[in-house]
Every structure is written in structure tokens, then in C-alpha cells.
Amino acid sequence: MFNSIPEHVPTMQYFQRRRFIKGVGTATIGALAGATLPLARRKRYGLIPGASANEAMPIEGKDGLRVLNDRPLNAETPPHLLDDEVTPTERHFIRNNGIVPQDMNPDTWMLKIEGLVERPMSLSINELRTRFEVVSHRLVIECGGNGRARFDPPARGNQWTLGAVACAEWTGVRLVDVLEAAGIKDTAIYTAHEGADLHLSGTPGKLPISRGVPLAKALDSYNLIAFEMNGGPLHPMNGAPLRLVIPGWPGSCSQKWLTRIWLRNIEHDGPKMGGSSYRVPPYPVAPGEMVPAENMQIIHAMPVKSLITRPQTGQLVKGRKLEVAGHAWAGDSEVSRVDVSMDYGATWQPADLAKQHNPHAWQRFSTHIQFPNPGYYQVWARATDRDGLSQPFTAAWNPKGYLNNALHHISVRAI
Ligand SMILES: Nc1nc2c(c(=O)[nH]1)N[C@H]1C(S)=C(S)[C@@H](COP(=O)(O)O)O[C@H]1N2
Ligand SMILES: [Mo]
């Protein structure tokens, strides 16, 4: 049995009222044509019914996302639509592992804080708002599998290219404040996160994903229990009405539809914590090499990376001068420089790089390029973090295709 999108989930009109939608006609067609999806299924996963194949397959409240999979719904944002410093809600990617919950009512939503705490708590969203300081931060969420499509031999899973990343402004309370109010016991070493979505099998009580982080990471004051996204409600597909945002680490740590956090005295062993999920070999392996699951290690911070968001690849450049811009980010660290090349890395020129708006926000880079001759060029960008680590030309292959932070480039023709 699958759940349908319930009545009280914010509707299309709701998003239009809030100007979250720029018009469904501007959305691009995904890998799947709208016509190939049965109506009931489209509705169930938040896709707008009635979209014809030659128009688009828009997702309610989203604009221009490319759908990779509709069950569960997974959709990424093309780089040129990620040009904003703060990613608009309608352009925040979607990565679902299970069946989205039926009930997303913020008035009745409860969050439990349990496990190795002195005072277990059960809190409504209103209690979170009134008992704790409410803060807003711009925070990067990037799926650990972003870039998977570029691995050879291919790795199984959603074939994300570049767009499973976003930096929205999230509002909520600090995870650390809530944990401290509950009283962290000395024996606690790891968090465990649970949400209200259901395993794809539909088995009651079976979770599709439940991840956690070591206590030291959980205490980072930029982790939020968030109830607002860009000053509005969370999009239903981004975890409404309550989610964790654990920036800098794989997006999977940021539990959506958050119902329970419990503290444990072991590394959390929930679904997608073991085997090859969000884990990589601790030593270099050859492309395609078998790695025993017990050798794999949990991914911690995401590596330094950049994305060119302006211009869109394929641009015709008149006058041979081009402004190139984008964002760079570096897990728990900070980006200290971005360089750009138009000759396949033979020479590099430094780009202007903005300071972090707050820790864990991505940083804007921009520069002007002067092409010496008319012709075809690839423009490459390379970010370096404050420890001197740069993006590689090729990311190390690993069985599930995680952590692909290889250099991004666009192609242009100068005339
Ligand atoms: N409850 C729940 N939380 C979840 C997921 C999920 O399937 N269920 N997916 C995770 C993964 S793998 C990622 S990358 C992020 C994506 O967040 P987004 O869909 O808001 O972009 O949510 C994480 N939180
Ligand atoms: Mo993810």
C-alpha cells in the first residue's frame, strides 16, 4: 500500500500564493516524459497531473528540475539554475529514499529526543520555536552521490550529474541547544535520526533511511532542526514540516520529516549506515575493484568542490569576453581560492572569491575571461580549501560512486 499526498500538504495554489512558482511551463522535461507516468503515481510523488510529454514533467512547487527517478522521487537542478547565492526553494534538489509521509501537519508534528539523555523530551514545532533560540543560516546540502554519473565503470544508484547540491537559507533551532536541554549522557557517542517516511516496501514501521553522526559533529552549532526554508515553509519533498540540516556532510545525514533523534553509545546501525551505503574504501582501489563491505568506512565531511553556474554550457560568446561565475564549498572547511582555465589546465587565472556568509554557506566566485581567438573553449574551475586541498581532475573510483568532486567545466564558442 502506498500513501497519497494528503489534503493538508501545501497545494499548488499555496506555493503560487507565495510566489514559489514561476510558471510550470518553464520547467524542463526530465529523463522521463510526463506521459509515461500513470496519473496516480504522478500525484503520489508530487508531480503535477496533466502535464503533457511535449510540455514538461514539472514537480509541484519546483522549477526546472531534471527527474532521475519517480519512485522514489529524485530530481536534480541543472547548474545554470543554481546561479542564485541562496538557492530558491523551487530549485532545491530532491532526494527521497522511500514513500513520503501522508501527514505533514506542522500543528500536530512532534519530535522526540531520546536514548542516552537525562531528560527525554517530546516537542511540538511551537515548543521548539518558543523554548529555543531561532536562527537562520545559509547551509549547503549535497548528496553524497552527487556526480555518480561520471564514474566509470558506472556505480549503481541515482545517476546524479552535478545538481544534487543546494544552499538554501534554513531557519530553525540549533540541534546542540536541544540536545543540551535534554542533557547528553557521558556514554553517548553517536546520534540516530528518524523520519516519518516509509520504506518502499510499504511495511509499516520500516524506515527507508536512518542515519546518524558522531557526537562531535552533532554539537556543531550550525546544525539545525529546521522548520523554515528561505523564509517560507519547507517544501513537502524537502522534509516538511521539520527536518535536520547537518551541513558539510553527506545530505543523507540531514533527516527529513524528522520525528525522532536518539543518542547512542555505538556507531548508529540504522538503514543505510552499513554495507556500501555512504561508505567508501579507506585505501585507493582500482576502478571496478571489489571491496569487502567490512572494509568500508563511513563518509564524514564532503570534499572541496565548485560549480560553474554562469553562463549555461553551450553559450555563444560575442566579443570574446566572458563573465564566468559559480559557487565553491568545502564540507566543514572553507574555500580559500578558485582558479579558472580556458586551456585545459595549462594555465589558470584566479577568480574573485566571496567570503563565507556564514560557516557552511557556499562562496560565490566570478571572473572575466578574454579568449585570444574565436573558437571552441572549455572553461574549467578549480577550488582549493584552506588546507590547500584542491579538486582533482578525476575523482577516486569507489563502489557506490560517492564523493565525486572532480573539476566541473562548461563548453562555449567564441565568435
Ligand atoms: N526521512 C528522510 N530523510 C532524508 C532522505 C530520505 O529519503 N528520507 N534522504 C536523504 C538524502 S540521501 C539526502 S541527499 C537529503 C536530500 O535533501 P533534499 O531532498 O531536501 O534535497 O535528504 C536526506 N534526508
Ligand atoms: Mo543523498
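Here, each number is a calculation from the coordinates, and none is a lab measurement. Nothing here was measured: the structure is a model prediction, and the numbers come from that model. Using ideal geometry, Cβ is built from the backbone for each residue, glycine included, and neighbour counts are taken over all protein chains shown.
Cβ-to-Cβ counts within 10 Å put Trp329, Trp397 in ascending order as Trp397, Trp329, the fewest first. If the segment from Arg320 to Ala301 were pulled out straight at 0.36 nm per residue, it would be longer than the present Cα-Cα gap by 2.9 nm. Each Lys and Arg contributes +1 and each Asp and Glu -1, all at the Cβ; summed about the Cα centre of region 262-415, the dipole is approximately 640 debye. By the compact-protein rule of thumb, 2.2 N^0.38 Å, the alpha-carbon radius of gyration of region 52-135 corresponds to a ratio of 1.51.
Length available on full extension from Arg71 to Tyr376: 0.36 nm per residue minus the Cα-Cα distance, which gives 105.8 nm. Annotation for region 377-415 versus region 139-209: alpha-carbon center distance of 24 Å. Taking other Cβ atoms within 10 Å as a rough exposure proxy, Tyr222, Tyr402, Tyr283 sort from fewest to most as Tyr283, Tyr222, Tyr402. Checking the Cα-Cα distances for Lys206/Lys355; Lys112/Lys305; Lys185/Lys400; Lys256/Lys305; Lys62/Lys400 against a 32 Å cut-off, the pairs over it are Lys206/Lys355; Lys112/Lys305; Lys185/Lys400.
Relative to its residue count, the chain spans a Cα convex hull of 147 Å³ per residue.
Cβ-to-Cβ counts within 10 Å put Leu73, Leu200 in ascending order as Leu200, Leu73, the fewest first. Estimated from helices alone, the mean residue ellipticity of the chain at 222 nm is -1500 deg cm²/dmol (sum of -39500 (n - 2.57) over DSSP H runs with n ≥ 4, per residue).
Under the combined filter of DSSP loop state and at most 15 neighbouring Cβ atoms within 10 Å, region 142-175 retains these trypsin sites (Lys or Arg not before Pro): Arg156. Legend: calculated FRET efficiency, Ala293 to Glu118, from the Cβ-Cβ distance at R0 = 25 Å, rounded to 0.05, equals 0.10.
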